[in-house]
């Protein structure tokens, strides 16, 4: 008997969800085409008799295993990855999401849809509450991900209304921690790699953009609580750390952890780059009893240790 199916199981976040489910005693099937995920993220689960990885694309994977819980995390999530394959990103969030919802409907199961703070676009409201509808460019360079996730949310809502499907949508804000791809182009991974290599930190504009960062174990705890919450829990629901930092402050903190002087290289702002991104998590506090616990500095130290273990900057294993 399979207790849970996790799509995108070999990704950064998916692999941590798999770890949590196995630690809770579940039997898990992971689905991943390994386009952005890595088998190495599942090194320990692959040694467990309660985990099986099925490699394949959601659009062509055939019938999904039946389970009472589906965690739908499959999608490129970093700008580098989704801009490299914009059509695939749109399809996995549309047709791929439909495949998961149909499997859950046939199994009379519960679904957790991993959405994103990107649905808010470059927000005009700060911090962003769930009732805010967003400020998104539907044809810009980030639209394949923004609009893909917005469509996935709309499809999930339609299945909920039409079929009574128990689907919960998490709007996930910036998450970081061990197993991040060093080449994913995100703020934390970029700065750690640049710092370990003694390179200048790349700042776009003056680095005044505001971001919040949630450590991965905190985020997974939020996802687990949302999946098991009362069916009347409001959805979509923001999950993220409300404490905000400018991008420059983030670079300076990483430099301090690495024990190096911060040096900067300034570049023009990318198109549609959000100026402010921070969650209002009052609904998650009220309905899940959830809030982030790991401080940014503690989480960064753990993430730096992981990157060092990869041999970045000439230290650790290769």
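Yes/no per residue for (1) closer than 22 Å to residue 124 by Cα; (2) not assigned by TED's automatic domain parsing to the domain that holds residue 137:
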site	(1), (2)
206	yes, yes
221	no, no
227	no, no
232	no, no
246	yes, yes
254	no, yes
259	no, yes
263	no, yes
278	yes, yes
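If you filter segment 143-152 down to residues that are within 12 Å of residue 120 (Cα to Cα) and in contact with a strand residue (DSSP E or B) (Cβ under 9 Å, 6 or more places away or on another chain), you find that the one that is surrounded by the most Cβ atoms within 10 Å (Cβ to Cβ) is 149. Of all the listed residues (239, 196), the sole one being over 26 Å from residue 112 (Cβ atoms), in contact with a helix residue (DSSP H, G or I) (Cβ under 8 Å, 6 or more places away or on another chain) and surrounded by 21 or more Cβ atoms within 10 Å (Cβ to Cβ) is 196. Checked against the criterion of being at pLDDT 95 or above, more than 18 Å from the chain's Cα centre (by Cα) and in a loop (DSSP other than H, G, I, E, B), segment 272-290 contains one or more residues that satisfy it. Taking first residues from segment 11-29 that are part of a loop (DSSP other than H, G, I, E, B) and partners that are modelled with pLDDT of 95 or more and surrounded by fewer than 24 Cβ atoms within 10 Å (Cβ to Cβ), the Cβ contacts under 6 Å between residues at least 6 apart in sequence or on separate chains come to 26/3; 27/2; 27/3; 27/50. All conditions but one from (1) surrounded by 23 or more Cβ atoms within 10 Å (Cβ to Cβ); (2) under 27 Å from residue 141 (Cα atoms) apply to residue 111; the one that does not is (2). Residue 77 meets each of the listed conditions (1) modelled with pLDDT under 95; (2) closer than 30 Å to residue 270 by Cα; (3) surrounded by fewer than 16 Cβ atoms within 10 Å (Cβ to Cβ) apart from (3).
For segment 243-265, name all the residues that are out of contact with any helix residue (DSSP H, G or I) (no Cβ under 9 Å at 6 or more places or on another chain) and part of a loop (DSSP other than H, G, I, E, B). Correct list: 259 only. Just one of the listed residues (31, 42) is surrounded by fewer than 24 Cβ atoms within 10 Å (Cβ to Cβ), farther than 19 Å from residue 228 by Cα and under 17 Å from the mean Cα position of the chain (by Cα), namely 42.
Across segment 85-101, not a single residue is classified as surrounded by fewer than 17 Cβ atoms within 10 Å (Cβ to Cβ), in the same structural domain as residue 163 (by TED's automatic domain parsing) and touching a strand residue (DSSP E or B) at 6+ places or on another chain (Cβ under 6 Å).
The values are calculated or read from the model by the stated rules, or taken from the named source; none is laboratory data. Here the structure is a predicted model, which means the values were calculated and not measured. When we count neighbours, we look across all protein chains shown, and the Cβ atoms used for this are built from the backbone with ideal geometry, even at glycine.
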